[in-house]
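Notes follow once the structure below has been shown.
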Amino acid sequence: MKTTRRGFFKTAGISTAAGLIGGTAILTPSAFAQTRHAMKMGEFDRGIIQLSQNESGRGPGPRVLEAIREHTSKRVGRGYAPDYVPELQESIASHFNINSSNVLLASGSTWLLQGAVRAFCNADKPLVTAGPTFSTSEGTARQTGVPVNLIPLNADAKLNLPEMVAVSKGAGLVYICNPNNPSGTVHGPDVIDKTVRAILKDSPNTHVHLDEAYIDYGDPAKIQTGLALTQEFKNVFITRSFSKAHALAGMRIGYAMGHPETLSAIRGAWGMGDVSMLGAIAALTSFEDREHIEWEREENNRVKAFTVGALNDLGYEVPESHTNHIFVDLRAPARGFREACMNQKVAVGRDFPPWENSHCRISLGSMEEMEVAVSVFRDVLG
């Protein structure tokens, strides 16, 4: 049934045909967990187009899948070694021309973000972050009683870096997500360099965390890594993930780059987990397959142009995104749009306060998925 533009945000509940109870429970990762029966039947994500978690819509590259098959043997039973993990660490270090001691691996970047807050913040050393941005650092701070200085995004959905600098004196940690999640916006290398230097000039003991989880999707002319800052300043570090452009979200692998003492403090403050043998070979193969990562970026750009163009044609604005998601200005609460889309088996993003009454994050799937999703968006919004 068609939902009109005037009525879409009044939609209540979610279709029971989708196997849901209602509300937004379906948007949790566990709701999309695959079963052996569903796999056998060729059904994924309960038949729902999943555009809410910023995963790659195309999956790992063919070389990665082949590497996983080749290395799945009885050797898995002796995986305490741990096979391929030191090689992955050394490959990352070699690519960036740093020492292996400047690289810290973890079973997902979440542990790195949580460890950084626990290592560098306390009741007297607040966290400085943005809103909305990736929320793990803020969530960890609030769970551990750390004060949070939360700076709203600018009207153009970019980080308000001057204001973040202004409140950073005495902070334990300043968290800068670049490209930003959920807005997809970026700041260029000159701006990041100026920001970091301004923070450390006034507050030399503050640590600066540059989260580059989505950098492989960014336009190199507009965003570059802040790695040089980690070599110049002991208390600047970077985190990255294999869950996005590398499409290994199910393998749970992330890494940090920085001074050995800084990385040691993060590791000591919170468990990093163990990177599995098959996860390590998958990540190593993907990391060295730069041709595929470039293809992934270009294909994501093609899908993004199609999706943004369709929304623009409907009269909706989207900030320029350098990620595999967009942050569309609906001029109405995201919840109504989300529930109306779910009625047609398309799952889009959760609320992102304080922009939940105007914007909705939409992850970019494959072109085939987005063609179906755009048809739903036209039905809901048109």
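The values are calculated or read from the model by the stated rules, or taken from the named source; none is laboratory data. None of the values given here were measured: they were computed from a predicted structure. FYI the Cβ positions are ideal-geometry reconstructions off the backbone, even for glycines, and counts take in every protein chain you see.
Overview of values
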| quantity | calculated |
| --- | --- |
| Contacts under 6 angstrom Cβ, first residue in the range 211-228 being modelled with pLDDT of 95 or more, partner small (Gly, Ala, Ser) and surrounded by fewer than 19 Cβ atoms within 10 Å (Cβ to Cβ), 6 or more apart | LYS222/GLY188 |
| Residue count for the range 58-93, restricted to those that are assigned to a loop (DSSP other than H, G, I, E, B) and at pLDDT 90 or above | 7 |
| Every residue from the range 318-353 that is without any contact (Cβ under 8 Å) to a residue 60 or more places away in the chain and more than 15 Å from VAL374 (Cα to Cα) | ASP329, ARG331, ALA334, ASP351 |
| Unmet requirement for GLY250, which otherwise passes all of (1) assigned to a helix (DSSP H, G or I); (2) at pLDDT 95 or above | (2) |
| Residue match in the range 252-259 (condition: assigned by TED's automatic domain parsing to the domain that holds SER109, among the charged types (D, E, K, R), within 30 Å of GLN231 (Cβ to Cβ) and surrounded by fewer than 23 Cβ atoms within 10 Å (Cβ to Cβ)) | yes |
| Odd one out for GLU43 among (1) in a helix (DSSP H, G or I); (2) at pLDDT below 90; (3) within 27 Å of the chain's Cα centre (by Cα) | (1) |
| Number of the condition not met by THR262 [criteria: (1) buried (at least 22 other Cβ atoms within 10 Å of the Cβ); (2) of a type in the set (S, T, N, Q); (3) under 29 Å from PHE327 (Cβ atoms)] | (3) |
| Top-ranked residue of the range 189-234 - restricted to ones that are exposed (fewer than 15 other Cβ atoms within 10 Å of the Cβ) and closer than 20 Å to GLU294 by Cα, ranked as farthest from the chain's Cα centre (by Cα) | ALA221 |
| Filter pass, ILE326 being surrounded by 22 or more Cβ atoms within 10 Å (Cβ to Cβ) and outside the structural domain of ILE92 (by TED's automatic domain parsing) | yes |
